[in-house]
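Every number here is computed from the coordinates shown, using simple stated rules; none is lab data. The model shown is predicted, which means the values in this text are computed figures rather than measured ones. Glycine gets a Cβ as well: all are built from the backbone with ideal geometry, and neighbour counts include every protein chain shown.
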Ligand SMILES: N[C@@H](CCSC[C@H]1O[C@@H](n2cnc3c(=O)[nH]cnc32)[C@H](O)[C@@H]1O)C(=O)O
Ligand SMILES: [Zn+2]
């Protein structure tokens, strides 16, 4: 058992007891109250620290850490077609492993305990997830470009991946289906994905309405907007869909998102960087739509620090609406915690008895956290993501700012080498 003693937890200085992978008790003087024997405990001194639920990043392409800084200042289609997809053709399992490892380390060191990913060479990603101890929702990203042969291949790989992940029987690694987007996937692929999601009871992760161009493209082909088109063949029925981006939406599409309980992964920094636009988050919130946060890949962000996303989400909507009361600190912190957990069906996102022990501790002796009051404001508007202790599924994976299970230096060296293989 792990006991966090005397930390700031849910606005009170108190203790938190972890048993197995769950939070067992939260309260004052737990050693006495729970009749605990110190020698059975791993005690974490929580003095001068705040404990928060681990953050949940609902849209990543984790191995893309290797693409950090290689193709900046471009619009989406040019970025994908002329740069990213060309370099991705050189990837292999080992390069992906190196990029994923770097990504997992980066996420843990900035307080993320769960991520929802879409990529390929999943063997490499699974290996990195296992070695670092993070919680992953992993999908193989499918793109058929309307080619039947490619479609069959992509669907087969997805099905194989779901089976492979289920076989691992590791509650920290969960399968998801990842059709890339309506502009890269045929209707047949999307329909098959829907059936497979129901058959295997897994969620679907897809890019939706990221740019005006792709919406124009779908409208020309189908006379419908993307959400209307997918809805026309029941894509959203009886499955959990996490839609990344949702930047440009019509009233009717907002109604579909609301009525079909679709979760939105808001990626404000990637959308700003690729000049895709700004999602209508306050309007979606008015419609009680579940908003979560994602960084997207490091080719378009360029990091995985979800605290930056929390801050950006709370700022940009104030700026565009000329209204400082929209997306307040609590809203945006909930996007990255409670809402992410709810979307992925995780009993996490809040520090509660019985919830999963996915916990982040932050040392308060940092200039940007002083005065040590109004912490819920600091965490959104002032904190930079530099966390000290991370516990995932009841295991300490970051201690004193250092990775516990892995040699960070080796990860950085491996990633550097992998990068040079990509650009040569
Ligand atoms: N099996 C596919 C791979 C799809 S993985 C998911 C893809 O999403 C791409 N991607 C990353 N960020 C974005 C984004 O913001 N919008 C659209 N695609 C993205 C990423 O580069 C990767 O190619 C194939 O054969 O190419
Ligand atoms: Zn993406």
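Decide, for region 55-344, between rounded, prolate and oblate: order the square roots of the alpha carbon gyration tensor eigenvalues as a ≥ b ≥ c, take rounded if a/c falls under 1.5, and otherwise choose prolate if a/b is larger than b/c, else oblate. All intermediate terms of the calculation are to be shown ahead of the outcome.
Working: a/c = 1.33, a/b = 1.10, b/c = 1.21.
Note, shape of region 55-344 comes out rounded.
Computed extension gain for residue 347 through residue 146, at 0.36 nm per residue and net of the alpha carbon distance, reaches 68.5 nm. With the Cα gyration tensor of region 1-120 giving a ≥ b ≥ c as the square roots of its eigenvalues, does the rule (a/c under 1.5 for rounded; else a/b larger than b/c for prolate; else oblate) give rounded, prolate or oblate? The shape class here is prolate. With a simple spin-label model that places each label point 7 Å from the Cα along the Cα-to-Cβ direction, the separation between residue 413 and residue 233 comes to 5.0 nm. Over region 319-424, one equal point on each Cα, no solvent: what is log10 I(q)/I(0) by the Debye formula at q = 0.15, 0.17 Å⁻¹? Results for region 319-424 at q = 0.15, 0.17 Å⁻¹ read -0.89, -1.02.
Just want the ordering: 232, 265, 321, from fewest to most Cβ atoms lying within 10 Å of their own Cβ.
Starting with the residue having the fewest Cβ neighbours, the order is 232, 321, 265.
Going from the residue with the fewest nearby Cβ atoms within 10 Å to the one with the most, 393, 73, 237 rank 73, 237, 393. Between the alpha-carbon centres of region 375-395 and region 1-40 there is a gap of 19 Å. From the alpha carbon centroid of region 243-268 to that of region 287-361 is 16 Å. If a/c stays under 1.5 just call it rounded; otherwise compare a/b with b/c (prolate if a/b is bigger, oblate if not). Do that for region 314-376, with a ≥ b ≥ c from the square roots of the Cα gyration tensor eigenvalues. In terms of gyration-tensor shape, oblate. Once the Cα atoms are used to define both axes, helix 212-222 deviates from the longest principal axis of the chain by about 50 degrees.
Roughly what % antiparallel, to the nearest 5, for the DSSP beta bridges in the chain?
In the chain, approximately 40 percent of DSSP beta bridges are antiparallel ones.
For the chain, calculate the relative contact order in percent as a whole number, restricting contacts to Cα pairs under 8 Å that are 6 or more residues apart. Over the chain, the number comes to 21 percent.
How would 281, 26 line up from fewest to most surrounding beta-carbon atoms within 10 angstrom?
26, 281
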